[in-house]
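Visitor: This is the structure I have questions about; it appears just below.
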Amino acid sequence: MRIRARGRSFLALVLSPEAPLPLWLDGLDHQIARSGGLFTGKPVILDLGLLSETTPSLATLLDDIRKRGVRIIGIEGGSRHWPAVAHWDWPETLDGGRPAGEVEIPEDPAARAAEPVSGGGTLIIEQTVRSGQSIQHMQGDVIILGSVSSGAEIVAAGSIHVYGTLRGRAIAGVGGQSQSRIFASRMLAELLALDGYYAVTEDIDPAILGQAAQATLNEDRVRVLPLTP
């Protein structure tokens with residue numbers, strides 16, 4: 001019997017709480033209400049790097065976040081030895097993810113490791129991205145030659161170009177590439193995100209909706225501007 005292992009890659013969102021925590025949780029509630037289910041079903045890493053072991057309300061933070069339907073798969077930036085978090089149920093495993101191809105286990109332990117396959121460059125999708133589909137490309141730009149349906153999601157480390165109608169969610173600049181942009185021949189997006197900052201349909205000027213437009217990040221705010229000839 002030949003044994004094969006299949007690789008999976010993950011896109012995990014990172015939440016970095018700041019003190020005072022009650023105010024930050026209010027902001028999280030506001031973001032969840034505006035983001036069209038951004039956190040639904042998504043793995044999230046909780047980064048405690050902006051907090052200290054004496055931060056007020058730290059003891060209940062993990063439960064407070066989980067009660068909001070946010071799925072925490074990992075915790076970083078803090079210490080299990082902090083008294084306030086000693087009782088936390090720290091996540092140990094990762095679930096879900098998307099298929100990333102097969103990885104064969106060599107029969108001979110001394111066999112040469114397979115050459116890695118590069119996933120860099122631009123990803124080109126030549127058809128419409130249907131509702132429920134999620135396209136993730138963590139090495140560059142994504143170009144969609146069709147449209148992005150409502151309920152679909154495009155995630156890219158670089159910029160996103162949609163040559164049809166963008167109705168779903170577009171998340172660009174993942175990993176800190178704040179210069180990334182989102183372009184659409186017809187902008188009707190449910191959600192736009194650049195380097196962790198978000199805008200929803202209600203934030204887009206009604207005069208721009210349905211027109212050729214681009215989303216850029218300016219002073220920590222996602223701005224949607226018309227594309228001029």
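Visitor: Within region 202-216, is even one residue touching a Phe, Trp or Tyr at 6+ places or on another chain (Cβ under 7 Å), over 14 Å from V129 (Cβ atoms) and part of a strand (DSSP E or B)?
Guide: yes
Visitor: Now for a different question. So the check is Cβ under 6 Å with 6+ separation or different chains; which pairs have a first residue in region 169-184 that's within 21 Å of T228 (Cβ to Cβ) and a second one that's among the β-branched types (V, I, T) and open to solvent by 10 Å² or more (accessible area, probe 1.4 Å)?
Guide: These pairs meet every condition: R181/T216.
Visitor: Then there's this: Kindly provide the set of residues from region 169-194 that are open to solvent by 50 Å² or more (accessible area, probe 1.4 Å), charged (D, E, K, R) and under 20 Å from S134 (Cβ atoms), ordered by number.
Guide: Matches in region 169-194: E190 only.
Visitor: Okay, next question. Quick check on my filter: what residues within region 174-229 are of a type in the set (S, T, N, Q) and either touching a Leu at 6+ places or on another chain (Cβ under 6 Å) or within 23 Å of A12 (Cα to Cα) (or both)?
Guide: Q177, S178, Q179, S180, Q214, T216
Visitor: Which of the following residues is at pLDDT below 90 and not hydrophobic (A, V, I, L, M, F, W, C): S178, S147?
Guide: Matching residue, one of S178, S147: S178.
The values are calculated or read from the model by the stated rules, or taken from the named source; none is laboratory data. Worth saying up front: this structure is predicted, and the values here are computed from it rather than measured. Cβ sites come from the backbone with ideal geometry, for glycine too, and all protein chains shown count toward neighbours. These area figures cover heavy atoms from the full protein model, side chains too; ligands, DNA and RNA do not enter into them. Shrake-Rupley method; radii C 1.70, N 1.55, O 1.52, S 1.80 Å.
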